Every structure is written in structure tokens, then in C-alpha cells.
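Notes to accompany the following structure.
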Amino acid sequence: MQEEQTQILDRLPSAINASRNGRGAAKSPADQWEVHSDFARQAQSAFEPILDTEEAATLLKIHPKTLQKLARNGRIPGFRIGKLWGFRASALNRWLENKPSP
């Protein structure tokens with residue numbers, strides 16, 4: 001997962017520079033590196049890895065189907081992308097902290 005995120009971040013600056021170069025003056029290599037560094041820092045602080053059902057269920061120590069059912073019913077924070085469920089570790093942590101003890 002982290003490797004995929006790194007690959008995406010590595011490709012984004014060239015796409016940004018390509019779109020900017022079409023509209024204005026060409027960027028120097030130093031300017032391109034500055035754009036890459038700033039963008040990478042912002043992206044890393046803005047994005048957190050998304051857990052799939054298996055990973056989230058392992059963290060919560062429940063069965064993956066139980067996790068999907070809870071998410072589908074809105075009892076646990078999750079979201080769907082197509083057919084797949086995604087979970088943010090920070091949202092699951094907040095959910096656990098706010099969940100009343102039995």
C-alpha cells in the first residue's frame with residue numbers, strides 16, 4: 001500500500017509540471033524540484049493509507065464479513081469504492097474511543 005502511494009506521489013509532479021508548462025514559461029529544474037517537494041509534503045500530510053476489509057478486521061479482531069455488515073448498516077465508519085470497502089485507521093480509532101464500554 002505504501003509503495004503504491006509512493007509511486008503515485010512520484011508521478012504527480014511531472015503531471016503538474018506538464019500542465020503548467022503548457023500555460024506558461026518552462027520551469028527550471030530547481031523550480032520543478034521545489035514543486036515536487038512541496039506537493040509531496042502536502043500530500044503525505046493530507047493522505048493516510050486506506051485499510052481494506054481484511055486489514056481493518058484484523059486490527060479490530062473481528063471477522064471481515066462482520067465488519068462489512070457493520071459498515072453497511074452505518075454502525076462503524078467505512079466507505080465504498082465500487083464493490084470494495086475502505087476504512088481509515090484514524091476513523092476506526094475515534095470510533096473505538098467514543099464507543100461506550102459494555
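Here are the numbers for this structure:
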{"read-out": "Whole-number D in µm² s⁻¹ for the range 50-98, Kirkwood Cα-pair radius fed into Stokes-Einstein, 25 °C, 0.890 mPa s", "value": "234 µm²/s"}
{"read-out": "Potential extension, Asn93-Leu59 segment - 0.36 nm per residue separation minus Cα distance", "value": "11.2 nm"}
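Each value in this text was obtained by applying a stated rule to the coordinates, not by laboratory testing. Computed from a prediction, not measured in an experiment: that's the story for all the values here.
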